[in-house]
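Participant: The structure is given below, and queries will be raised subsequently.
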Amino acid sequence: MATAADLAWLIPVLPLVGAAVVGLGLISFSRTVSRLRRPAALLLTSTVGASTVLSLATLREQIVGASPHEQLFDWANAGTFHLQMGYCVDPLTAVMLVVVCSIALLVMIYSHGYMAHDQGYVRFFTYLALFSSSMLGLVVSPNLLEIYVFWELVGMCSYLLVGFWYDRNGAAHAAQKAFVVNRVGDFGLLLGILGLFWATGQLGFQGVATGMEAAVANGVLPHSVAVLLCLLVFMGPMAKSAQFPLHVWLPDAMEGPTPISALIHAATMVAAGVFLVARLEPLYSLFPQVQFTIACIAALTCVLGASIALTQMDLKKGLAYSTVSQLGYMMLAMGCGATTAGLFHLVTHACFKAMLFLGSGSVIHAMEAAVGHEPVLAQDMRLMGGLRRKMPITASTFFIGCLAISGIPPLAGFWSKDEILGQTLATSQVLWGVGWLTAGLTAFYMFRLYFLTFEGDFRGHDGAMQARLLAAAGHGDQDQEHHHEPGPVRESTWSMTLPLVVLAVPSLGIGLLGVPWHSRFTALLDPHEALVLMEEFSWSHFLPLAGASVAIALVGIALATVAYGLGRVELGRAVARRLPGLNAFLANKWYLDAINERLFVQGSRRLARQVLEVDAKVVDGAVNLTGLLALGSGEGLKYLETGRAQFYALIVFGGVVGMVVLFGLQ
């Protein structure tokens, strides 16, 4: 009888087949298939649901002690060269499959309500299924080459989904930005993979690590070159998982539909980079310099994302920079050698961040009734407030998500974040200090989002504020176009609130699987590490560190409550007035977008114009000169082409006389 591991290849294939069937239908019979909204959505959601069932069965097998399973076949042969493809199942694969499938399934259910009136409803579900299939294929990949194939498919799907509303300039530009920035990282990843294969002749994760260790030990490969290859590979995760300085695409990706924001930020694209670094842990552990570099980049990313989130007024972009910061936590764990802690935070973060993004979508969906479909207005927290009384389910689940991401026990985020901080302290006190400070900033900006959105008085009918926001966004001349009668703000439909309630459950309790004195999550991924952690656990060590992280989180929550919950202090204006430079620095996102605009966008355009001038003046000039010479010589020679034999004989005679005279003079 076939086991779940034997059927694991179906997990990415089922959504792929569904996307292919509906996609081909859209291409061939666009109008007919576009009308079949519910059947198409049901088909695609069912394929993801079937993959979810298989994923749960696969995880159950791994929990009860099944051995890792790998199925390979020769994809290309040339002499002694064998390139193998296939799939592998181990505890890490099983965990990631469940995370990706469950979040994708809930996002698809949510999308039925969120995208109900969108003309591209069927196309959206097709993209969702293809995106899910690509990420699932990446998770089950047994080697670097197959990972790279699905890595690029994930990037392509993100481009399609971020730019789903391609008729909007913002969405089109955001998709292009995501595509270009990820190409930078992916180029480094490709060079790194090719370099590792050149150095080791292997593409498997353990084989590459073993080969690199032997090559460096035998002096075949210089240590510096090995470090360079590892850093080149890390460029891929830098872009996919939004690490500084390749993080700039992620906040702009909010231009896509909100369900996509939840899927990208929780379980698919950004998780791909963390997953790859975890897969390559045997390789990176050989080079402490590489791990320290990863940790430093991650620490900077933590602070960057959290500090910029302090000034955001767009609800989705505030959550986006929160994702950047939390991804920094995950990579910080990877750089400090705490791989299972980083993966545990990936799992807990996927639950509460998906819930937060879907909650923001519920809010935006409701706000559109009051302020219209202009995203500038529907997503701005200055027009929200008082929504808790009108949207109790959304508000309650959002509040749970804020507590979880802030690290308040016993919610999920506390256990995973505290484990990262504890293991970071063993590596560097400075890095621990950065993570600890970021925890306080996280609590502050998340409850700032909550209070501005759900508490106080509703501000959505403030016409003067709407006009100012439209004018600031460059839509000042479109007031009449966007003017409409304000409608009531209501709780979202069941298809949107059900996923919120489902995700609230793991956000509350899944962290208990990773308690440091008996971490069942670590025991699943690395039993040896789990035994070591249990033996080394000490309440005298755990309580001060946990108390410090909870204390800084409570300070952040208290400040947010005083400033935004009670409205006692206009903190934003006070900081802008007393520290205008700092406020401008954060409001302008550390000026990184401006720097990229000047160096790369304008610089590349300037270079292109110069190349165009060279093409016009040098290349075209040489071609034109050649043509002119041919034309001139032809015009001159036509007078010598008379067609008379006597004239030709005279020319020959003159030539002979000239040669005689020339040689006679010599």
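The values are calculated or read from the model by the stated rules, or taken from the named source; none is laboratory data. Only a predicted model underlies this, so the values are computations on that prediction, with no experimental measurement involved. All Cβ positions, even for glycine, are placed from backbone atoms using ideal geometry, and neighbour counts span all protein chains on display. Just the protein is used for accessible areas: all its heavy atoms, side chains included, with ligands, DNA and RNA removed. Shrake-Rupley method; radii C 1.70, N 1.55, O 1.52, S 1.80 Å.
Participant: Could I have the simple spin-label model distance between V656 and L612, label points 7 Å from Cα toward Cβ, reported in nm to one decimal?
Facilitator: 6.1
Participant: Express the relative contact order of the range 159-223 as a whole percentage, based on alpha carbon pairs under 8 Å and six or more residues apart in sequence.
Facilitator: Working: 41 pairs, mean separation 10.8, N = 65.
Averaging sequence separation for qualifying contacts and normalising by length gives 17 percent for the range 159-223.
Participant: Separate question: Roughly to the nearest percent, how much of the accessible area of the chain is carbon and sulfur, given a 1.4 Å probe? Please list the in-between numbers first.
Facilitator: On the way: 19610 of 29510 Å².
Roughly 66 percent, rounded to a whole number.
Participant: Could you please state, rounded to a whole Å, how far the C-alpha centre of the range 138-186 is from the C-alpha centre of the range 217-261?
Facilitator: 13
Participant: Which is farthest toward the positive dipole end of the chain among L300, F521, A94, measuring Cα position about the Cα centre, with Cβ charges +1 (Lys, Arg) and -1 (Asp, Glu)?
Facilitator: L300
Participant: Roughly how many whole Å is it from the C-alpha centroid of the range 60-127 to that of the range 312-340?
Facilitator: Centre-to-centre (Cα) distance: 23 Å.
Participant: Moving to a separate point now. Whole number in Å², please: accessible area per residue of the chain, 1.4 Å probe, ligands, DNA and RNA not counted.
Facilitator: 44
Participant: Sticking with this structure for a sec: Label-point separation (nm) for S46 and S67, each offset 7 Å from Cα along Cα-to-Cβ?
Facilitator: Distance between the two pseudo-spin positions: 3.8 nm.
Participant: Now for a separate question. Apply 1/(1 + (r/R0)^6) to the Cβ-Cβ distance of A584 and R382, taking R0 = 25 Å, and write down the FRET efficiency to the nearest 0.05. Please report the intermediate quantities before stating the final value.
Facilitator: Values: r = 19 Å, r/R0 = 0.75.
FRET efficiency, A584 to R382: 0.85.
Participant: To the nearest 10 degrees, how steeply does helix 144-162 sit against the main Cα axis of the chain, on a 0 to 90 scale?
Facilitator: 80
Participant: Relative contact order (percent) for the range 120-187, with alpha-carbon contacts under 8 angstrom and 6 or more residues of separation? If you can, show how the numbers build up before the last one.
Facilitator: Details: 49 pairs, mean separation 17.2, N = 68.
Once divided by the residue count of the range 120-187, the mean separation gives 25 percent.
Participant: By how many nm would the segment from S540 to R183 lengthen if fully extended, with 0.36 nm per residue of separation less the alpha-carbon distance?
Facilitator: On the way: separation 357, 0.36 × 357 = 128.52 nm, distance 4.74 nm.
That pair, S540 and R183, stretches by 123.8 nm at full extension.
Participant: What residue among S416, L128, A338 has its Cα farthest toward the positive end of the dipole of the chain, where the charges are +1 on Lys, Arg and -1 on Asp, Glu, each on the Cβ?
Facilitator: L128
Participant: Give the cross-link partners of K317 among the aspartates and glutamates, using a straight C-alpha distance below 16 Å as the criterion and excluding same-chain residues fewer than 8 apart.
Facilitator: Hits, sequence-local ones excluded: D252, E255, E374, D380, D593.
Participant: Additional query: If R0 is 41 Å, what FRET efficiency do you get for L7 and R605 from their C-beta distance, rounded to 0.05? Please report the intermediate quantities before stating the final value.
Facilitator: Numbers: r = 52 Å, r/R0 = 1.26.
Rounded to the nearest 0.05, the efficiency is 0.20.
Participant: Mind jotting down the distance between the C-alpha centroids of the range 371-443 and the range 525-545, whole Å?
Facilitator: Comparing the Cα centres of the range 525-545 and the range 371-443, I get a distance of 26 Å.
Participant: Report the relative contact order of the range 348-404, percent, no decimals, based on alpha-carbon pairs under 8 angstrom and at least 6 residues apart. Display every interim value, and only then the final one.
Facilitator: Working: 32 pairs, mean separation 25.5, N = 57.
Relative CO of the range 348-404 lands at 45 percent.
Participant: Provide the packing ranking of 255-268, 17-30, 600-613, i.e. peptides ordered by the mean count of other C-beta atoms within 10 Å per residue, highest first. Don't skip to the answer; put the middle values down first.
Facilitator: Values: 255-268: 28.3, 17-30: 16.1, 600-613: 10.8.
Highest mean packing first, the order is 255-268, 17-30, 600-613.
Participant: Turning to a different aspect of this structure: Pop the C-beta distance of T32 and L83 into the FRET formula with R0 = 35 Å and round what comes out to the nearest 0.05.
Facilitator: Details: r = 42 Å, r/R0 = 1.19.
E between T32 and L83, to the nearest 0.05, is 0.25.
Participant: What is the ratio of the Cα radius of gyration of the chain to 2.2 N^0.38 Å, where N is its residue count, to two decimals?
Facilitator: Numbers: Rg = 30.4 Å, N = 666, 2.2 N^0.38 = 26.0 Å.
Working it through for the chain, the quotient is 1.17.
Participant: Then there's this: How much length would be gained if the chain were fully extended between V149 and D118, taking 0.36 nm per residue of separation minus their Cα-Cα distance, in nm to one decimal?
Facilitator: Numbers: separation 31, 0.36 × 31 = 11.16 nm, distance 3.14 nm.
Difference between extended and current length: 8.0 nm.
Participant: Using a 1.4 Å probe on the protein heavy atoms only, what accessible surface does R468 show? Give it in Å² to the nearest 10.
Facilitator: Counting only protein heavy atoms, R468 exposes about 130 Å² to solvent.
Participant: A follow-up question, please. If packing is taken as the average number of other Cβ atoms within 10 Å across a peptide's residues, how do 3-9, 315-321, 330-336, 502-508 rank, most packed first?
Facilitator: Working: 3-9: 18.4, 315-321: 24.9, 330-336: 29.6, 502-508: 20.9.
Output ranking for 3-9, 315-321, 330-336, 502-508: 330-336, 315-321, 502-508, 3-9.
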